[in-house]
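Trainee: The structure that follows is given in the form of structure tokens.
The values are calculated or read from the model by the stated rules, or taken from the named source; none is laboratory data. Only a predicted model underlies this, so the values are computations on that prediction, with no experimental measurement involved. Note: ideal-geometry Cβ built from the backbone for every residue, glycine included; neighbour counts use all protein chains shown. Just so you know, the surface numbers come from the protein's heavy atoms only, side chains and all, with ligands and any DNA or RNA stripped out. Shrake-Rupley method; radii C 1.70, N 1.55, O 1.52, S 1.80 Å.
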Amino acid sequence: MKILGLSAFHSNAAAALVVDGECVAAAQEERFSRIPRDAAFPKRALRHVLAKGGVEAHELDSVVFYEKPLRRFERLLYNQLRYFPAPARIFSRTMFTWLGDRMWLKNRIASELGVDPDRVLFTSHHQAHAAGAYLPSPFEEAAVLVVDGAGERSTTSLSRGEGTKLELLAELPFPHSLGLLYSAFTQYLGFEPDRDEAQVEALAAHGEPRHDEELSRILEVRDDGSFSVAADLFRFSFDGERTFGDALEEVFGPARIPGAPLDVSAAACREADLAASLQRAVERALLGLANELHRRVPSENLCVSGVLALNRTAMSRLHADGPFRNLYVQPAADDAGAALGAALLTWHVENGEASTRWRRSAADLGPELRPDPRDEARTLDGTDALVDLAARTLAEGELVGWARGLGGFGPGSMGGRVCLANPVIGDVRDKLTRGLAPRSPFLPLPIAVRAESAAELMELPEGADLPLAFGRLTVQATGLRELAPAVVGPDGSVLPRLVHADDQPVLHALLAAVERAGGPPVLVELDLAPRGEPCVRGEAEALGLFDRTELALLVVDDRVYERAPASA
Amino acid sequence: MRFTPSTWFQRRAYRGVWSDPARKVRTLESFAQTEADGGNEIRAAVSFARNDALKGHLARHADDEVRHANMFTQRAAELRAAGVGGPVGDETSDRAFDMERSRGDGLDFHGDLSGSPIDEIGEIPYVAKLHVAECRAAELFAIHSSLLDDDPETKKVFDDILVDEKYHMGYTNHLLREWRKEGRASEVKSALKSARESRFLGAWKRLGIRSAGGFGRVTMFLAYYTLAVPFALVAKRGRLAVGWQDPVDRAEPDAIRQQY
Ligand SMILES: [Fe+2]
Ligand SMILES: [Fe+2]
Ligand SMILES: [Fe+2]
């Protein structure tokens, strides 16, 4: 049975192909269109996953969309009319898009793929997210928490997963949303909402939560774990425009102008303090949710998805201070993972309890690399020679582009399309800024580390092996503080991705070889991406980047490209 | 060639291109570039095609396009050698070229392939795109040839190329028909539709949608202040729910067939 899951129109559109219960391919549209978190209908991603799975569109048994379109339309209409007569422009835009296009989604999907409209199915937004969090997790039963922007009507949901069954227990309605709150503040702080939330998270580490009191009025957490957002300070129905209201500026002063200088080293940086207060308030709300969820589902295991699950600091706090022992975070926690969830859920709904579950591991999904070798490519004798060359280059402090295997399904490439750097030679941050792409000075440098050697370098939490392998948690540095201070944040935290020999043998061998060559036990691992774009799609883009940047070596599958010496 | 009102307009539009020697040379060189780009793009597609028949056709097609590029380059070089069009980089000839260039879609016809590799858009949409582009190319080349009665050598270049274009139209059409026969008619139909939209209608269609969009939005704007008023009043009086709600999703398996 062949099922194609799709998500689109909100953020990070994606396609996932499930054949007989196994996810054989999944990819995000952004990697093809080169628009970060592209929300357009995932035409190219879906062609790619079908081709990879060797499935023709007409052979699909079902195509499942991750949302109930009419339910969302109803919510949009109702909420926009509440503001009557204010948003006439937005209302007409919404009506135009919906009446002209989105209402007919079923037929559009059917004609796009050439399948019978009866094969087009719809899960709800939260079902899809919850399924994406629970079904691929390693647990036989778990409590499931979805903390998102907004689905059709709800923003947050609690579920129970048992075997192949998933039961939605309770939901919180729009506009009470942690995702929307975080995005509105992201915009208020001068960043791009729905894209730069990680910048706000990073900013928070540099600030003091001096606005706790205001924030606890804006985000009120109740005893039953539910929360409400002071919606009159925001304009959540004005999606795509300004989503914070004038009233928010009355509380915190004028919004930061995008691009205005930001001095995080100042004694009191207003933006950093605000980000810190927001981060803390959101973590408080998450803990409230987790406690309520644990009361309803007294399990040891927690699965999380929804945009807030992309927030690594919050996930770490949830794991450290929450009531669950074991944690699984769907790395593609935004709507991309919901495409996967929708397809897996459909498989289990159609096949009942006897069906077997597919489990996700690191580096198992994402687009295939598009080969496009140049004449000067050199193919080395086996991976040992490849690892050796890259390790020597890194030990000397040079940058290495590394594009091997799949491109990852989630926010980054999980080691598939990365720029690696040695954090202990010279000023690595400066080298990356000059040699790869400019980067906000307050953003931490994520690292790759061999799973076996991580415990000596940082305080590893227990019961979160997969989130650590996906690089979805922050942890406190121990030995690493002295060894590689450049990768340690102002609060002593690091962003590690634990590399296992089973998942990524060559990258694992490279990390070991760098250490043998006298280098550090960790490497900085940034996305191999042109500025403002997602990770490279194929060899051609990687080579374009190689031409424009200071990478000393580019590894593409088994081919290497070396920088010609300046004298030659 | 068959003359229609559209070809009449196009002949008028392109007459100036071929009667001005500087523009003629630069246009031939630009065609050479377009053909070469198209050829490379198609060559790259060969290794990604999964259908053997398609692979063979694409390989031959790619060779043809590269040969066309060389034919255009060579003809342009002959004209330059004969003192037509001035030296490369000459101001008048550059300006003439840029004027032509700014018309965009009118003269180029293979540019649309770049950015839509076969492995990303799929074989049917790719072949549909090729088919539409080749039909358009054949039509344009016939027009160009008909305007070159005073330059038989250049005319011959177009006429020779036209023979290949017929083959390109033919094999793409054949493959699409095979797919139709295999029960994939709706895929072929939608691929052709979207290829046509992105090709010919290009700017005009976008403009059309934009004005239609404007009209639709004005209607919605008016509706907002009239029809929507009673609903708005209801919505404004309704209380927004707060706190935990029972989920609306039903557990029955058929729930996934509903859009609501
Ligand atoms: Fe979502
Ligand atoms: Fe051609
Ligand atoms: Fe052609």
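Trainee: Are there any GluC sites (Glu not before Pro) in segment A:520-568 that are in a DSSP loop and have at most 13 other Cβ atoms within 10 Å? List them by number.
Mentor: A:GLU550
Trainee: Follow-up question, since we're still on this one. Using a Förster distance of 41 Å, how high is the FRET efficiency between A:ASP502 and A:ARG374, based on the Cβ-Cβ distance and rounded to 0.05?
Mentor: Details: r = 32 Å, r/R0 = 0.79.
According to the calculation, E is roughly 0.80.
Trainee: May I ask which residue of A:GLY5, B:THR7, A:GLY366 lies farthest towards the positive end of the charge dipole of the protein assembly as shown, with charges of +1 (Lys, Arg) and -1 (Asp, Glu) on Cβ and the Cα centre as origin?
Mentor: Value: B:THR7.
Trainee: Moving to a separate point now. With every protein chain left in place, what is the accessible area of A:ILE109 in Å² (1.4 Å probe, nearest 10)?
Mentor: Accessible area, nearest 10 Å²: 0 Å².
Trainee: Based on Cβ point charges of +1 for Lys and Arg and -1 for Asp and Glu, what charge dipole magnitude is obtained for the protein assembly as shown about its Cα centre, in debye rounded to the nearest 20? List each step's numbers first, then the result.
Mentor: Details: 99 positive and 121 negative charges, 561 e Å.
Using Cβ point charges on Lys, Arg, Asp and Glu, the protein assembly as shown gives about 2700 debye.
Trainee: Using only protein heavy atoms and a 1.4 Å probe, how much accessible area in total is buried between A and B, to the nearest 100 Å²?
Mentor: Interface between A and B: roughly 5100 Å².
Trainee: Of A:LEU219, A:ALA39, A:LEU287, which is farthest towards the positive pole of chain A's charge dipole, taken about the Cα centre with +1 and -1 on the beta-carbons of Lys, Arg and Asp, Glu respectively?
Mentor: Of A:LEU219, A:ALA39, A:LEU287, it is A:ALA39.
Trainee: Could I ask something else about it? Using packing as a proxy for protection, rank B:132-145, A:216-229 so that the peptide with the highest average count of other Cβ atoms within 10 Å comes first.
Mentor: Most protected by this proxy first, the peptides run B:132-145, A:216-229.
Trainee: Got a sec? Charge dipole of chain A, +1 on Cβ for Lys and Arg, -1 for Asp and Glu; which of A:HIS319, A:LEU178, A:ALA268 is way out at the positive end?
Mentor: My answer, from the dipole projection, is A:LEU178.
Trainee: Magnitude of the Cβ-charge dipole of segment A:178-329, K/R +1 and D/E -1, about the Cα centre, nearest 20 debye? Don't skip to the end; give the middle numbers.
Mentor: On the way: 15 positive and 25 negative charges, 97 e Å.
Magnitude of the dipole: close to 460 debye.
Trainee: For chain A, what does the helix formula give at 222 nm: sum of -39500 (n - 2.57) over DSSP H segments with n ≥ 4, over the residue count, nearest 500 deg cm²/dmol?
Mentor: Taken over chain A, the calculation gives -10500 deg cm²/dmol.
Trainee: With charges set only on the Cβ (+1 for Lys and Arg, -1 for Asp and Glu), what does the dipole of segment A:145-186 come to about its Cα centre, in debye to the nearest 20?
Mentor: The dipole of segment A:145-186 has a size of about 20 debye.
Trainee: What nm value, rounded to one decimal, do you get for the distance between A:ARG222 and B:GLU178 when each label is placed 7 Å out toward the C-beta?
Mentor: Modelled inter-label distance: 6.4 nm.
Trainee: In segment A:162-179, which residues become less accessible by 50 Å² or more once every protein chain is in place, relative to the chain on its own, using a 1.4 Å probe?
Mentor: Flagged in segment A:162-179: A:GLU171, A:PRO173.
Trainee: Assuming a viscosity of 1.567 mPa s and a temperature of 4 °C, what translational diffusion coefficient in µm² per second does Stokes-Einstein assign to segment A:273-317, Rh being the Kirkwood radius over Cα pairs? Before the final figure, lay out the partial values.
Mentor: Numbers: Rh = 11.4 Å.
It comes out at roughly 114 µm²/s.
Trainee: So what does A:TYR182 come to for accessible area, using a 1.4 Å probe and Å² rounded to 10?
Mentor: 10 Å²
Trainee: Go through A:ASP465, B:ASP119, B:ASP63 and list them by solvent-accessible area, largest first, probe radius 1.4 Å.
Mentor: Working: A:ASP465 110, B:ASP119 25, B:ASP63 80 Å².
Result, largest first: A:ASP465, B:ASP63, B:ASP119.
Trainee: Further question: In what order, largest first, do B:ILE121, A:ILE3 sit by accessible area if the probe radius is 1.4 Å?
Mentor: Heavy-atom accessible area, descending, gives B:ILE121, A:ILE3.
Trainee: Return a whole-number percent for the relative contact order of chain A, with Cα pairs under 8 Å and 6 or more residues apart as the contact set.
Mentor: Once normalised by length, the contact order is 16 percent.
Trainee: Given R₀ = 45 Å, FRET efficiency for A:ARG210-A:GLU141 by Cβ-Cβ distance, to 0.05? Could the numbers behind the result be given before it?
Mentor: Working: r = 42 Å, r/R0 = 0.93.
For R0 = 45 Å, the calculated efficiency reads 0.60.
Trainee: Of the accessible area of chain A, with the probe set at 1.4 angstrom, what percent is carbon plus sulfur?
Mentor: Taking all protein chains in place, chain A shows 48 percent carbon and sulfur surface.
Trainee: Tell me the label-point distance for the pair A:SER265, B:ASN40, using the 7 Å Cα-to-Cβ offset, in nm and rounded to one decimal.
Mentor: Between A:SER265 and B:ASN40, the simple spin-label model gives 4.5 nm.
Trainee: Across every pair of different alpha-carbon atoms, what Kirkwood hydrodynamic radius in Å does segment A:60-198 reach?
Mentor: After inverting the pairwise mean of 1/r, the radius is 17.1 Å.
Trainee: Direction-averaged shadow area of the convex hull around the Cα atoms of segment A:378-562, nm²?
Mentor: Numbers: hull surface 38.4 nm².
Mean projected area of the Cα convex hull: 9.6 nm².
Trainee: What is the spin-label model distance, in nm, from B:ARG12 to A:GLU550 if the labels are put 7 Å beyond Cα along the C-beta direction?
Mentor: About 6.0 nm separates the two model spin labels.
Trainee: Next up: Viscosity 0.890 mPa s, temperature 25 °C: give me the Stokes-Einstein translational D for the protein assembly as shown in µm²/s, with Rh taken as the Kirkwood radius over C-alpha pairs.
Mentor: Answer, rounded: 84 µm²/s.
Trainee: Now a separate question. For chain A, with every protein chain kept in place, what is the accessible area per residue (1.4 Å probe, Å²)?
Mentor: Per residue, chain A has an accessible area of 35 Å².
Trainee: Could I ask something else about it? Rg and Dmax of segment A:178-329, Cα atoms, in Å?
Mentor: Taking only Cα atoms of segment A:178-329, I get Rg and Dmax of 15.5, 48 Å.
Trainee: Could you pull the accessible area for B:LYS193 with a 1.4 Å probe, rounded to 10 Å²?
Mentor: My reading of the accessible area for B:LYS193 is about 130 Å².
Trainee: At a Förster distance of 35 Å, what's the computed FRET efficiency of B:VAL248 paired with B:LYS189, Cβ-Cβ distance as r, to 0.05?
Mentor: The computed FRET efficiency comes out at 0.45.
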